[in-house]
1. Expressed in nm to one decimal, what extension gain is obtained for the pair Thr81 and Ser174 from 0.36 nm per residue of sequence separation less their Cα-Cα distance?
2. Which pairs break 25 Å Cα to Cα here: Lys137/Lys160; Lys74/Lys106; Lys96/Lys181?
3. Carbon-plus-sulfur fraction of the accessible area of segment 49-141, 1.4 Å probe, in percent?
4. With every protein chain present, what is the per residue accessible area of segment 79-177 (1.4 Å probe, Å²)?
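The values are calculated or read from the model by the stated rules, or taken from the named source; none is laboratory data. For clarity, every value in this text was computed on a predicted model and none was experimentally measured. Just so you know, the surface numbers come from the protein's heavy atoms only, side chains and all, with ligands and any DNA or RNA stripped out. Shrake-Rupley method; radii C 1.70, N 1.55, O 1.52, S 1.80 Å.
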Amino acid sequence: MKHLLIIVLTIFQFSFAYSQPPGGGGGQRGGGQRGGQSGQNKPPQQNNEKKAIEIININDAAGLITYDIDEVIKESKVKKTAEKGLMTQLIAEYNKEIGKIEKANKIKLETIELTSREKQQAAIEKNDHKKLMEIGKNINEELHPIRMEVMEAEKVLNTKIEKSFSEKINKKWSQYFEKQKEANQPKLPKEDENKPDFDANRNNPMQ
C-alpha cells in the first residue's frame, strides 16, 4: 500500500527530522529539486505501485540533519552581502553543533542501528506489523535524549536568526524551517489505514 512506509514510521512523530541511507551519518535538509515531470508519463498502473517497507534511518529519526546553506539563503530571501555572511555563519554553527551531537552519540546510534535493523527485518519476514510498531516505540524512547539535544540546537539557531534579521527574512526563514521539518518527519496515519503490504517488500528486497 502507498501508505505502508508512513505506517511503519508512525511511532517516530517528532518536531523535526529527515532521509539518507543508514550508517551514512546525518542527512541534509533541502538540496536539489526533483524534476517536476517525473512520473507524468508513467502508465497508471505504475503510479499505483506498492512501496516496499524500508528500514528506519536512525540518524534521521534522531533529527541529526544539517541545512544546505545556499538553499537557506535563497529560501529566506537574504539579499545583502553582509546578511548572507551572517546567515552562512549561523547555519554553519548549527551544522557543526549537529555534528558534535552525532559524534558524541556515535556508539549509541550505531548500536540502535544494528539491533533495530535485525529486529525489523525479522518482523518483516514474519509479517508481524505489531512487532514493527513495538520496535519503533522502543527506538523512539532510546533516541529521546538525542532529540532533546537537537531541539535545543534548533532553539538557539532560531533565536539568533530572529534577533539578527528583519521581520521579512524571519518570516521566510520560519516558513522554510517549518516546511523542512514537516517534510522530514513521519506523518501519523488515520486509524482506519491498512497495514503495510509485506509482499511488496519481497518483490523489492532491501539491501
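1. Numbers: separation 93, 0.36 × 93 = 33.48 nm, distance 2.07 nm.
Here the segment from Thr81 to Ser174 would lengthen by 31.4 nm.
2. Working: Lys137/Lys160 34 Å; Lys74/Lys106 32 Å; Lys96/Lys181 19 Å.
Where the Cα-Cα span goes over 25 Å, the pairs concerned are Lys137/Lys160; Lys74/Lys106.
3. 50
4. Values: 6180 Å² over 99 residues.
About 62 Å² of surface per residue is accessible.
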